[in-house]
Amino acid sequence: MSEQREERPGLLRRAGAELLGAVILVMAGCGSIVVEAQTRALTHLGVALAFGLVIFVLIAACGHLSGAHLNPAVTVAFALTRHFPWREVPCYVGAQLAGASGGAAILRLLVGNAAQLGATLPHGSPWQALGMEVLLSAVLMFVIMAVATDTRAVGQTAALAIGAAVALDALWGGPISGASMNPARSFGPALLAGAWQDHWVYWLGPVLGACLGAGLYQWLRAPSRPRSSFHSPEDCHARGIPSSFPGTQE
């Protein structure tokens with residue numbers, strides 16, 4: 001007897017998964033910044049690993065539900081490269097921003113305004129930070145495209161590869177820009193801590209960088225190769241990777 005195929009979650013449920021994932025991302029990732037500021041127990045390496053680990057865990061947990069974008073820049077880049085429908089972008093981005101704000105609100109209740117709740121602020125000039133955010137986001141999105149959209153990639157490594165890319169980017173980019181790579185991750189703490197200095201950097205940089213990284217991978221990939229589409233969660237289970245773009249429009 002063949003197994004009954006599961007229906008792909010509706011848009012509202014997928015948005016709910018994005019919201020919950022963004023809550024956890026900010027609580028764990030930005031929470032690690034607060035802990036480091038208060039105790040000096042984690043070090044810069046520990047904070048970078050915390051962000052990488054929470055991304056790894058969330059992709060494993062939510063990838064088959066919503067694709068675990070958790071990042072407006074990723075959602076826009078997927079839509080730009082026709083791996084995600086534009087009509088669903090506002091819902092996803094809204095859920096990501098709401099979740100990040102909710103995570104920051106929980107941190108605010110727990111620790112007050114310590115370390116400005118892990119808000120991202122340039123450590124040099126805004127233009128240095130912008131350049132770094134473009135570069136970091138391009139690297140991250142290139143990795144995401146490689147492991148989540150190409151059937152030649154080894155699917156089981158997707159969550160690990162993306163989490164490792166986040167940690168690596170945070171290690172070398174954090175001291176310059178804060179290594180946001182994610183407008184939602186920056187928006188939530190900024191909203192709750194009132195830390196809006198050069199906030200535009202953390203929208204323009206990640207979105208531009210993610211689109212560049214996605215476009216570069218699309219250009220490098222052989223055009224004759226079929227693209228993975230993953231219209232439903234069961235397609236994704238078959239390869240063992242997260243459905244990073246349910247509802248793909250080919």
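Counting every alpha-carbon pair across region 95-184, the share separated by more than 19 Å comes to 53%. Which residues does the label zone of Gln38 cover in region 98-118, counting backbone N under 17 Å from a point 7 Å along Cα→Cβ? Hits in region 98-118 for Gln38 at 17 Å: 103-118. Model label sites at Thr151 and Trp219, defined 7 Å from Cα along the beta-carbon direction, differ in position by 2.6 nm.
Each label point was placed 7 Å from the Cα along the Cα-to-Cβ direction; for Arg87 and Leu110 their separation is 3.9 nm.
Taken together, the values in this text are just the output of simple stated rules run on the coordinates, not laboratory data. Worth saying up front: this structure is predicted, and the values here are computed from it rather than measured. Heads up, the Cβs are rebuilt from the backbone with ideal geometry, glycines too, and the neighbour counts pull from every protein chain shown.
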